[in-house]
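Presented below is the structure to which this report refers.
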Amino acid sequence: MYIHNISDTSNLIWTKATNYIIEERVIDSVNVDYIKASKDSKLTQYSPIIDTCLQKYILDNPLKIELNDLLNINLEDKNEILNFYNKYGDLGLFSHKVKSYITASRWMPTDDLSSKSPVLSITPYQNEYFFEKFWQKRLINVGKPIVVDKERYPDLTKSNDSGLGDYNNQMKRLLGTLVRNQKGELVGRSPDLIFEDYIEYSQLKYHKDFGAFMGKYYPGLVFNLKDIESQLLDFPLPYSIDYFKNYAEPLVEVKKVINELRDIFEFLHEINDISVLTQSPTFYIDEKSAKSYYGRDKIMNYLPKPSIFPMQLKDSLSYSWGKSWTFKSLLSMFAVKMIQEVTK
C-alpha cells in the first residue's frame, strides 16, 4: 500500500495564541461555553521549562511552568481562567486523550507524476493523524488512481513549457470530494478514533461517535453532533495552523480536569511513598494503601510517556541510551511538576 507522509507539527506543539476568549455556542440546541483563540490574536511559540537546570541553556521565549498557576485558579472567575490560557495556551484536552484518528477518503492528486505530464493522476486517499513524539499526518491510498486528460481539465495559468498552474473550477470541484463506490458507499475505512489506553477506564468519559467527539473540540466545524455530515469532515492536524484557528475547549471540561489534577496533588501530598506499585490489590489493607493506589493510577493518566533515544557520548563515536519525556499536552507538563514537587 502506498503511504505518503506529508506533514507534521514537530515545531508547533508549544505554540499559543496571544489572546483567548470564552465564547458561547449552540450545539444540538444546548448553549455551551468554549475557550478558544480570538480571531484577532496572533500565534507565538515558546519553550516551556519544567526543570530548573534547563534554564542555563539559551531558549527562545522561555516560559517556566509554575504549578501554583494551575492550583490557585478560581474556577468561578472566567477572567482568571482566561489569564491562565493567555499565559500558557490551551490545556490540550483533545491531544491528551487521542492516540490517532482517520478521516473519510477523498480524491487528491497523486504526487508522483511530473507537472509536465499531459495527464493528471488522482488517487482516493484517507488522512491518518497519529502521535509519535509529535503529531503527524500521512495520506494512505485506499483505491486505484485514475488518469484524467489535462486537456479536458486544463490549468488556468498553464504555460506552454511547464504545465504548472491551478486546476480549473471543474477539477477543483472533483479534488477533495468524498470517494464512493458504485453503490454510493464510502471507500476505505470508516472515520475512526483510537484513544489512549487508559481513557476507557478513567473518569474522562467520551463519546465513541466520531463526529460527536470531534465536534466537542471543533464546535465551529460541527454544529449538529448527530448530523451524519459531521462524520465526513476532514478535521485539522493537532497543533497545525488550522488547528489553532478552529480548536476550542469546553469550559465545563476544563474545570473538571483542573479539579481532578488538584485532587491528585492533594492525594500525593498525603502519600509518603509514591513509588509505582505493580498491581492493584483486590482489597485495601488500610487507608494509606488505598490512597497510594488511587494516587498512582490517577497521576499515570496525566504523565507523559517516557521516550528512549540514542545519545552520542561526548568526544566519542559511541552512543548510549538516553531517556526523556514525550509531551502531548500542557496537562502532562503540570503532572510532571506535581511529581517534582512531592519528590523533593
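The values are calculated or read from the model by the stated rules, or taken from the named source; none is laboratory data. Keep in mind it's a predicted model, so treat the numbers as computed, not measured. FYI the Cβ positions are ideal-geometry reconstructions off the backbone, even for glycines, and counts take in every protein chain you see.
Of the strands (runs of 3 or more DSSP E) contained entirely in the stretch 36-104, those carrying at least 3 residues that are out of contact with any Cys (no Cβ under 8 Å at 6 or more places or on another chain) and either within 30 Å of Leu139 (Cα to Cα) or at pLDDT 90 or above (or both) fall at 43-45, 98-102. Checking each residue of the stretch 166-178 against the condition of being at pLDDT 80 or above and assigned to a loop (DSSP other than H, G, I, E, B) gives at least one match. For the stretch 194-216, the criterion of being modelled with pLDDT of 65 or more, outside any strand (DSSP E or B), of a type in the set (Ser, Thr, Tyr) and closer than 30 Å to Lys256 by Cα is met by at least one residue.
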